[in-house]
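Peer 1: First the structure, then my questions, so here it is.
No value in this document is a laboratory result; all are computed from the given coordinates. Just so it is clear, the model here is predicted, and its values are computed rather than measured. Backbone-built Cβ (ideal geometry, glycine too); neighbour counts: all protein chains shown.
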Amino acid sequence: HDDEPVEVDDWTQSYVHITQDIIPNDETRTKLRRQAQHWRGITAVTASPVPPTSTHNPLLSFHTHPGVLPPTYGLHTTLPIPASRLITPYTSTITPSASYLADPLNAYAHLGMPKPYVHLVGPPLDVALDARGAGGEGRFVRNGCRPNAVLRPVLCAGAGVGAGGKENVKEGKKSPQPSGKGKERAIDPDADSSGSTLSFGVFALRDLKAGEEVVLGWEWDDGNAVHSLPALLKTPGMFP
């Protein structure tokens, strides 16, 4: 049986592709809409549609056996992207950050950072963007020590950046859409008289070259010991 081929699921089967955020909590939905109304008129209108600027490629494990570690994926640009430009929407399930931190299955106290495909947004929003089960191509952006991109809220009209900004991402085969229950929980622009809502997107911190990997910074907890490493490296004689 050792010689039998092992089938590896296609990357599109690892999550449910969505074009609008899913917000199960009414209080969170209200908070995002209220903040959108507060910021309304501040952000500039996006430019005309541009050709696809990013693509996702598998970064295979060094181990040849696929059962040891599954392939990981990264997001790479296909065209040069200027600084401050939207690279890709970040669609996800949006929940209160307090709920994410309190869930022992997320092991935040042990890890000192969110799990892969999860990002925490601080005040005044205080939300967790969870793209583990449902999301878009933005979920494949990896974290690193030399970030060239940042995750930011976006003020959008109508369905939001998740639907209107998808021309900036080279998409693969779509997975089935969420169940009807999930769709009902997605942001409904008709419920807001202003037609505005908050979504999230990945923006370039600097000019990016074609073929460059998009990297977000690490999100270590403020109390994590990793923040002490720079000081320790400057004083190597501190420990015997």
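Peer 1: Can you tell me the order of 207-213, 75-81, 113-119 when each peptide is scored by its average per-residue count of other Cβ atoms within 10 angstrom, highest first?
Peer 2: 75-81, 113-119, 207-213
Peer 1: Going highest first, how would you order 130-137, 84-91 by mean Cβ packing within 10 Å?
Peer 2: 84-91, 130-137
Peer 1: Another one. Diagonalise the Cα gyration tensor of region 68-147 and give the resulting equivalent ellipsoid semi-axes, square root of 5 times each eigenvalue, largest first, whole Å.
Peer 2: Its equivalent ellipsoid spans semi-axes of 24, 17, 12 Å.
Peer 1: Separate question: What's the FRET efficiency of L233 with A83 using the Cβ-Cβ distance as r and R₀ = 25 Å, to the nearest 0.05?
Peer 2: So, using R0 = 25 Å, E works out to roughly 0.25.
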